[in-house]
Amino acid sequence: MSLYRAIATVGGLTMVSRVFGFARDLMIARYLGAGIQADAFFVALRLPNFFRSLFAEGAFTAGFLPLYSETLNKGGKEAAKAFAEGALAWLLVALLLFTLAAQIFMPLVMLGLAPGFQDEPQRFTLAVEYTRITFPYLLFISIAALYGAVLNGLGRFAAFAATPILLNLTMLLALPLLTPLLGSAGSALAWGTLAAGLVQFLWLAFWSGKSGFSLRLRWPRRSALTLRLFKLVLPAAIGAGATQVNLVIGVILASLLPAGAVSYLFYADRINQLTVGVVGVAISTALLPLLSRHIARGEQQEAMAQQNRAQEFALLLALPAMVALLVVPYPIISVLFERGAFDGAAARATADALFAYSIGLPAYILSRTLTPGFHARQDTATPVRIAFAIIAFNLVVSVALMPVLGHVGLALATALAAWLNTVLLAWLLLRRGHWQADHRLRSRAWRILVAALAMGLALWGLNRGLTPWYGWGEAWRIAALALLVAGGFCVYLGAALALGATRPAEWRSLARR
């Protein structure tokens, strides 16, 4: 139940963040649409977010948390605090140098990230300008990730889980407040992103201090623990970022397509990432410190049981989400985004990309239940080897599908790569004896799938009946989508309970706790 409580805490706050995130995306779509300025900003946002996921919240957390848990368990609070301060010192120096280099060489970086932009000087210039503004966000959010890992290692998940809410609120405020001052919505969003990083850092520094872990700035010094940390972080920088690398490959290739392709993939990925963000991030955030704690104590069977329950929870939410996005992608995109500069053609193109992305949705989430099984055992090298295979696979499939399917082929390649990643992770854990699906997981997995398929059939029929509503005005369109969501949820919940995919007593127990 401690795992489920942690998932509920992180997932609940992440859901609140996603609500604000959708409000932010709706406002971005209204102000920017899917043109040159939008493409430039989304590339500018992708770059610091990519490095954040790769190094800070991905690799650094994967390397830091197991060592932090081990130090806390064996050496106590003071030893763990000293380790965290040493890690902060090295992280800060590395980030300052990296950010400075990025500012100097940004035009060259942009040639590599979006080579198609150089044929349109305005789009290329805007992308360089916006990225120079947003890139220091990496500095603040990476230090914030360290504070968040400290809090998660103490079993305090709420403060770190709430940080994306601050990001979305800051960007929401930046559009109406800064656009008149700066003259463009793209500039307003770029400066808003940077401000959000500062706000998130200050928030987590405050809560870390409240928890008795106020970290002092030190001069970087070598130690046995920091050397072990670097040995874990460097390979994890690739292993933890396979999916992010695949998304960047998609951006690079999409920049070679007609204007709008980058934006279609961005908006589609935002919907697809709703479930990944709420469920996948919540599970991986809660699972890694719990696994690290069990393994540090030599409790291998308990660690394996935690992974099985995490996978069961993942399937319970990921499978119906995948089926829903496969059955009704266009109504979702149209109702949420089709207004202002975002027209019907953009909605259709985005819906096609969403359909392709959603094929890999369960894989995105399941991989987040498997990767902690390596990281908690201080093995960050194995996911690296898998990552190389996944990146190569994604590149080959993307190049093969792009001439035929355009931007949809790029989304489909990302989904197929996610499934290959998940299969390889599971196979290696199984072969090493670190994971095995127990009877409860095997029994419930097929029941969850049947319930999701029943929901998909109901959604298909309901959507056909609601088709006229989409042409009757904004209020009717919103009502139609609300009915689809409510109807699908009721059918899935009823089928899941009837088939025994989940039980009311489990949810009552969680609520009581």
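The values are calculated or read from the model by the stated rules, or taken from the named source; none is laboratory data. What you see is a predicted model; the values in this text were computed from it and never measured. Counting neighbours? That spans all protein chains shown, and the Cβs are built from the backbone with ideal geometry, glycine included. We work out accessible area using only protein heavy atoms, side chains counted, and drop any ligands, DNA or RNA first. Shrake-Rupley method; radii C 1.70, N 1.55, O 1.52, S 1.80 Å.
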- At 0.36 nm per residue, minus the direct Cα-Cα distance, what do Arg431 and Arg297 gain on full extension? Give it in nm, one decimal, please. 46.0 nm
- Task: Using Cα centres only, tell me the gap between the stretch 338-372 and the stretch 287-304 in whole Å.
- Result: 33
- Query: In the stretch 312-413, with Lys and Arg counted as +1 and Asp and Glu as -1 at Cβ, which of these residues, Val397, Leu412, Leu317, has the Cα nearest the positive end of the dipole, that is, farthest along it?
  - Reply: Val397
- Solvent-accessible ranking of Val43, Val93, largest area first, probe 1.4 Å: Val93, Val43
- Item | Cα-centre dipole for the chain with unit charges at Cβ (Lys and Arg positive, Asp and Glu negative), debye to 20 | 1660
- How much of Phe355 can a 1.4 Å solvent probe reach, expressed as accessible area in Å² and rounded to 10? 90
- Looking only at the stretch 117-154, which residues have a backbone nitrogen under 18 Å from a spot 7 Å from the Cα of Ala94 in the C-beta direction? 136-150
- Which sequence of Met27, Met304, Met171 reflects their accessible areas, 1.4 Å probe, from the largest down? Met27, Met304, Met171
- In the list (1) 37, 31, 20; (2) 33, 30, 21; (3) 40, 26, 20, the entry giving semi-axes √(5λ) of the Cα gyration tensor in Å computed from the coordinates is (2)
- Phe388 to Ala498: FRET efficiency via 1/(1 + (r/R0)^6), r the Cβ-Cβ distance, R0 56 Å, to the nearest 0.05? 0.80
- Item | For the stretch 68-126, size of Cβ-based charge dipole, Lys and Arg +1, Asp and Glu -1, in debye | 200
- Per the helix-only model, the chain has a calculated mean residue ellipticity at 222 nm (DSSP H runs of ≥4, -39500 (n - 2.57) each, divided over all residues, rounded to the nearest 500) of -28000 deg cm²/dmol
- Accessible area of Ile104, 1.4 Å probe, to the nearest 10 Å²? 100
- Would you tell me the accessible area of Ile252, worked out with a 1.4 angstrom probe on the heavy atoms of the protein chains, in Å² to the nearest 10? 50
- Query: Of Ser223, Ser208, which has the most accessible area and how do the rest follow, probe 1.4 Å?
  - Reply: Ser223, Ser208
- Using only alpha carbon pairs under 8 Å that are at least six residues apart, calculate the relative contact order of the chain and give it in whole percent. 21
- Under the Karplus relation with 6.51, -1.76 and 1.60 and θ = phi - 60°, whole-Hz ³J(HN,Hα) for the stretch 389-404, x at Gly and Pro, equal 5, 5, 4, 5, 4, 4, 5, 5, 5, 4, 5, 6, 8, 4, x, 8
- Item | Loop-located chymotrypsin sites (Phe, Trp or Tyr not before Pro) in the stretch 75-135, at most 15 other Cβ atoms within 10 Å (DSSP) | Phe105
